[in-house]
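The values are calculated or read from the model by the stated rules, or taken from the named source; none is laboratory data. All figures in this text were calculated on a predicted structure; none of them were measured in a lab. All Cβ positions, even for glycine, are placed from backbone atoms using ideal geometry, and neighbour counts span all protein chains on display.
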Protein chains: 2
Amino acid sequence: MHAFDVLGDPVRRRILELIADGERSAGEVTATVREEFGISQPAVSQHLKVLRENGFASVRPVGTRRLYAVRPEALQEVDVWLERFRRFWTPHLDALATEIARGRRERRQQ
Amino acid sequence: MHAFDVLGDPVRRRILELIADGERSAGEVTATVREEFGISQPAVSQHLKVLRENGFASVRPVGTRRLYAVRPEALQEVDVWLERFRRFWTPHLDALATEIARGRRERRQQ
DNA sequence: CGTGTGTATCGGCATTCGCTTATATAAGGT
DNA sequence: ACCTTATATAAGCGAATGCCGATACACACG
């Protein structure tokens, strides 16, 4: 399953947002998502499974709870794909790199 | 239709790649995609439609041809969404900004 | 004009996906 | 041991999606 397929679902995107700032238990995630999307616990669990199995989330059991956290690698894939289009809205990305290099060069020369 | 839904399809992603470096006619795109994915002309046309209708591509008729080009706004949406996760793989993004600012400051002081 | 070429649309079908209810597993507390 | 809480899995169903063949539309050129 490709990264974009996983992110194609709004519930899964929301879950990632919810765990973006640190671990959350499946229960916490479920509570929020249930409220926002009106779907059942199994539905949320299935989405968590997709995120797990596709490398978007890691799980750590603590007692009877399961704490989910973001695994950035898969998301980074998306970022990499976007790279080739980024010049459209940051036309001066190269200029940015140049800027940095120039800053370094100038400091070196001092 | 959300941006990620559109990008969920590999054919549509490929089409965007194909028009990333400049306009391509529907025919050119179709030829490549047909070869790579083994799908029919109507199938490609439908994907082009989705890209069009969701703001990922613009069309410009030239005679009987239709030239497609990337419209970055929709893609940028995806980029914006990724923003909140980017710190995971570029922990020093702030440092980058600092770097640039420092370069500017130093040049100003010369 | 009529014929060909490029592209889009239509109708229908098969598959996929997400949801639900019901149930299983597993750990904790009493 | 039993019951509860937390989470996952199973089975089945309806909707959405993507594809195809057929067809329509539109422009170009003889």
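Table for the structure above
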{"quantity": "Residue match in the stretch A:68-88 (condition: modelled with pLDDT of 95 or more, over 30 Å from residue B:16 (Cα atoms) and more than 14 Å from every other protein chain (Cβ to nearest Cβ))", "calculated": "yes"}
{"quantity": "Lone qualifier among A:50, A:29, A:44 - being within 14 Å of DNA strand C (Cβ to nearest atom) and farther than 24 Å from residue B:86 by Cβ", "calculated": "A:44"}
{"quantity": "All positions within the stretch A:10-51 that are in a loop (DSSP other than H, G, I, E, B) and either touching a residue at least 40 places away in the same chain (Cβ under 8 Å) or of a type in the set (A, V, I, L, M, F, W, C) (or both)", "calculated": "A:19, A:20, A:22, A:23, A:39"}
{"quantity": "Members of the stretch B:29-54 that are farther than 21 Å from residue B:4 by Cα and surrounded by fewer than 13 Cβ atoms within 10 Å (Cβ to Cβ)", "calculated": "B:35, B:36, B:38, B:40, B:42"}
